[in-house]
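Here the structure comes first, spelled out in structure tokens, and everything after it is commentary.
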Amino acid sequence: MVAVPGVAGANGAGPRRKTSSKRRSRAITTVTLLALPVLVYGAFIIYPLIRVVGLSFWHWDGLGPATWAGFENYTAIYEDDRLRAAFLHGLALIFFFAILPILIGLPLASMLIRSRAPGLGFFRTVVFLPQVIAMVVLAVAWRDIYALNGPINTVLGWFGMRMTEPFLGSFTWALPAVGFIGTWVSTGLVTVLLMSGMARISESYYEAATLDGVGPIGKFWYITLPAVRAEILVCVTLTTINALKTFDLVYMTTSGGPGTSTTVPAYEVYYQAFRAGSVGTAAALAVVLTLLIFTINLVVNIVGEREKK
Amino acid sequence: MRTSAKFVGLGAAALLVLTACNPSAEDEETTDNGDAAEVSTDISDAPEQTLIVWDQEVRGGQNEQMERLNEAFMDKYPNITIERNSQSFDDLQTTLRLALTGSDAPDVVQANNSRSMMGQFVSSKQIQCLDDYSEAYGWEDRFGDILAYSSYSEDASVFGEGCVYGLPQVGETVGIYYSESKLAELGLEFPETWEDLEAQLPEIADAGEVPLVLGNIDKWPAIHVFGAIQGQYTPAEEIRTLGFGNEGASWETDENVAAAAQFQEWVSEGYFNDGVNGADYDQVWQDFANGEGVYLIAGSWLAADLNEAMGDDVRFMLPPSDGPTTTGGTGLPFAITSAAEDMNVAAAYIHFITSDEAMAVLAETGNVPVLNASDFAGDADQVVGDVMTAFDTLVSDGNIVPYLDWATPTMDQVMGDALQNLIAGNSTPEDFVATLEAAYTEAQN
């Protein structure tokens, strides 16, 4: 139950009231206070969500009359190579958005915390910086970085490994290249989250370990890692969601190309709804995407909770 | 678990509401006020009213002509006030659907000719047939064949003939840009035939220059280049059927395979810049303006920008051949919605902004008028004048063929993907036409 703030008593200024009337006024206050959030939440989250589920059962071009589709829009997702590929690319992005940043972030955070280097605040800021820049801006910048005459290819050229086609235009490299932008962005968030977790670990554990002759890797494995399990869980949850709902990055860098090698579900939702005029397919995609994100996070959290015990 | 219990409850509630929730299965109500019997070309006595116009003329000269014409219209008809809503092409594409079905729909809208826009508006009866007004104002005589670009059959199954649903202001064509001084340096002249052009390409490459430049990361630029090549191989009438997405043609012909093969060969021979599929469209034309590459196959819409960057050095020509065939078309036509308050006023507005006087204003502001373009070429900057002459030549002596991605609502993606695969050498010309054929025939069933 929601705690009723003391202000509620202001209504009944004066002598003490009976318990029942107090309870009633408390209930009224609760309802009044809850009404607005429920209304807003319902109007902008619940209602659209229900509407999307409803739309997914219709063939509709967004303009004319709709015809009942049953589960056809859903089976189409499974049968259409293009849409199926989009989901596979989304799953591949989880590796780049979630797993890789954690693998990089763990040692990075550990080093930043343990090294006690001067200018720690500066490094922390630099690592976190990608998080505060809009993805659209980043995407435009990375398009230039990945260009044929861009900095990455120039550096590769010094080692005689210059690419003859731009990363984003290559059927082999486009998906990893888009994914790496995600890695770069996520690493900052992950590192800062892990650092806050690591900062809580008492120094005495490490001192005891040192006395026992445990090396740095052992300390990391036996002390740091178990201590930040909760933070890792948060990181995985956040970054997985980001990976699966990626839209702006793909829209701005490759439009799903070359061919269909970097399409993702969210891009397909946009394309089907606003360009191709199949609102039903778009809605079905959106529902599946939502369920997928929800399921993956549920599994991550259940597994995480269980490990804790 | 408490959370899951909540979600089960939520799901149940959702299902309950779901049964009562679906898109309007019945026909959208249209407030059709345009009584066909009362067609009138004189609106000076029309009651005082506001005309809501949605356009996408947001860039410099485009915006200027629109402002000037709107002002002139309101001066001429003080009883009409124009409320203009201008958005970029992309924004208009995405918002127009919602706007048309809303209660506050505009009277006049600029809608893309393609099946994915105008075609769907026609089939769902969101815009109105203008044949009566076409007769009253004599549009057919003035515009001629170009009206096919905004004509559909009533159920939108046929594109390119039937009822006229909109009028364009400007013309567009794909052609070849080049720098005069650069060709002179190489000891070359702009080729007179397609064979000459083909022969020049290896020569240019041997001289250490890039013969052709293209930036295709956004997928659509290659469609226009392919269109110019296809015009050399496939009969115009066939391209027209394929582009309009009408029945009666096939992608799987020797001519189309030959066109695809030539495109692929040009890439594999190294006649294009490296990494076509990953190169940025805007970056590439800017590089071209800075002296990279000899020929740029692109649309007339780049003329103003290239003129600014290269001045009198840049030229624009149609693909060299007798009776040239190339992709081209009109700017987005202005159409009247079913929600229009007064058809006569809306039609008078469309007539006004496409009149001969309006064409002069368009030319003055650096646009390519869809009518009598070559009359204005003399006063325009060199490359803009080239474009005006080219468009006029194409319409009168050549074959203007539609954008190939107009054929079906998803053709832009299908073709964009297929061309990127063709360019990368992932598919053969035969695979390429088979992919397009599948999309083309599927749309007809």
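The values are calculated or read from the model by the stated rules, or taken from the named source; none is laboratory data. Just so it is clear, the model here is predicted, and its values are computed rather than measured. When we count neighbours, we look across all protein chains shown, and the Cβ atoms used for this are built from the backbone with ideal geometry, even at glycine. Heads up: the accessible areas ignore ligands, DNA and RNA and are worked out on the full protein's heavy atoms, side chains in. Shrake-Rupley method; radii C 1.70, N 1.55, O 1.52, S 1.80 Å.
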> When the dipole is taken about the Cα centre of segment A:78-308, and only Lys, Arg (+1) and Asp, Glu (-1) are charged at their Cβ, what size is it in debye, to the nearest 20?
Replying inline: 300
> If you take the square roots of the eigenvalues of the alpha-carbon gyration tensor of segment B:64-201 and sort them as a ≥ b ≥ c, do you get rounded (a/c under 1.5), prolate (a/b over b/c) or oblate?
Replying inline: prolate
> Over all Cα pairs of the protein assembly as shown, how is the pair count split among 10 Å bins, expressed in % and running from 0 up to the last occupied bin?
Replying inline: 2, 12, 19, 21, 19, 13, 8, 4, 2, 0, 0
> Pick from A:Val228, A:Val279, A:Val299: which is most flexible by mean-square fluctuation in a GNM of chain A where alpha carbon atoms under 10 Å apart are linked?
Replying inline: A:Val299
> Once a ≥ b ≥ c are taken as the square roots of the eigenvalues of the Cα gyration tensor of segment B:246-362, is the result rounded (a/c under 1.5), prolate (a/b larger than b/c) or oblate (a/b not larger than b/c)?
Replying inline: oblate
> If a helix is a whole DSSP H run, which ones in chain A reach 24 Å or further along their own axis (Cα) and hold a mean Kyte-Doolittle hydropathy of at least -1.0?
Replying inline: A:19-41, A:174-199, A:279-308
>> For chain B, set up a GNM with springs between Cα atoms under 10 Å and report which of B:Leu167, B:Leu214, B:Leu51 has the largest fluctuation.
In response: B:Leu51
> Considering only A:Tyr251, A:Pro166, A:Val40, whose Cα is most displaced toward the positive end of the charge dipole of the protein assembly as shown, charges sitting on Cβ of Lys, Arg (+1) and Asp, Glu (-1)?
Replying inline: A:Val40
> If one takes the longest principal axis of the Cα atoms in chain B, at what angle in degrees, from 0 to 90 and to the nearest 10, does the Cα axis of helix B:254-268 lie?
Replying inline: 60
>> Tell me which chymotrypsin sites (Phe, Trp or Tyr not before Pro) from segment B:98-171 have a DSSP coil assignment and no more than 13 other beta carbons within 10 Å of their own.
In response: none
>> At 0.36 nm per residue, and after removing the present C-alpha to C-alpha distance, how many nm does the segment from B:Met74 to B:Asp45 gain when stretched out fully?
In response: 9.1 nm
> Roughly how many whole Å is it from the C-alpha centroid of segment B:399-445 to that of segment B:57-94?
Replying inline: 35
> In segment A:239-270, which residues become less accessible by 30 Å² or more once every protein chain is in place, relative to the chain on its own, using a 1.4 Å probe?
Replying inline: A:Ser255, A:Gly259
> Once Rh is set to the Kirkwood radius over Cα pairs, what Stokes-Einstein translational diffusion coefficient, in µm²/s, holds for chain B at a temperature of 4 °C and a viscosity of 1.567 mPa s?
Replying inline: 55
>> Could you work out the relative contact order of chain A? I mean the mean sequence separation of Cα pairs under 8 Å and 6+ apart, divided by the number of residues, in percent.
In response: 27
> Looking at the square roots a ≥ b ≥ c of the eigenvalues of the Cα gyration tensor of segment B:360-445, which shape do they give, rounded for a/c under 1.5, prolate if a/b is larger than b/c, or oblate?
Replying inline: prolate
> Taking the Cα atoms of segment B:138-288, what is the range of coordinates along each of the three principal axes, in descending order and whole Å?
Replying inline: 55, 34, 31
> Got a number for carbon plus sulfur as a percent of the protein assembly as shown's accessible area, 1.4 Å probe?
Replying inline: 57
> In degrees, nearest 10, range 0 to 90: what is the angle between the Cα axis of helix B:411-424 and the longest Cα principal axis of chain B?
Replying inline: 20
>> Give me the summed buried accessible area for the B-A pair, 1.4 Å probe, to the nearest 100 Å².
In response: 3300
> Using unit Cβ charges (K, R positive; D, E negative) and no other charged atoms, how large, in debye to the nearest 20, is the dipole of chain B about its Cα centre?
Replying inline: 1680
>> Could you report segment A:199-290's accessible area per residue, 1.4 Å probe, as an integer in Å²?
In response: 40
>> Can you list the residues in segment A:272-294 whose accessible area drops by at least 50 Å² when all protein chains are present, compared with the chain alone? Use a 1.4 Å probe, heavy atoms only.
In response: A:Phe274, A:Arg275
> Hey, with R₀ at 22 Å, roughly what FRET efficiency would B:Glu140 and B:Ser396 work out to, going by the Cβ-Cβ distance, to 0.05?
Replying inline: 0.85
> How big is the shadow of the Cα convex hull of segment B:320-395, averaged over all directions, in nm²?
Replying inline: 6.3
> How are the C-alpha pair distances of segment A:78-308 spread across 5 Å bins, as whole percents from the shortest bin up?
Replying inline: 1, 6, 12, 15, 15, 15, 12, 10, 7, 4, 2, 1, 0, 0
> Mind listing which GluC sites (Glu not before Pro) in segment B:153-261 are in a DSSP loop and have 16 or fewer other Cβ atoms within 10 Å?
Replying inline: B:Glu154, B:Glu161, B:Glu189, B:Glu192, B:Glu209, B:Glu247, B:Glu252
> Per residue, what accessible area does segment B:52-101 have, given a 1.4 Å probe and all protein chains present, in Å²?
Replying inline: 48
> So which residue, out of B:Ser116, B:Ser44, B:Ser179, gets the largest mean-square fluctuation from a GNM of chain B using Cα contacts under 10 Å as springs?
Replying inline: B:Ser44
> So how strong a dipole does the protein assembly as shown carry about its Cα centre when Lys and Arg Cβ are +1 and Asp and Glu Cβ are -1, to the nearest 20 debye?
Replying inline: 8460
>> Please check segment A:156-193 for residues whose accessible area, probe 1.4 Å, is lower by 40 Å² or more when all protein chains are in place than in their chain alone.
In response: A:Pro166, A:Phe171
> Tilt of helix B:194-206 relative to the longest C-alpha principal axis of chain B, in degrees (0 to 90, nearest 10)?
Replying inline: 60
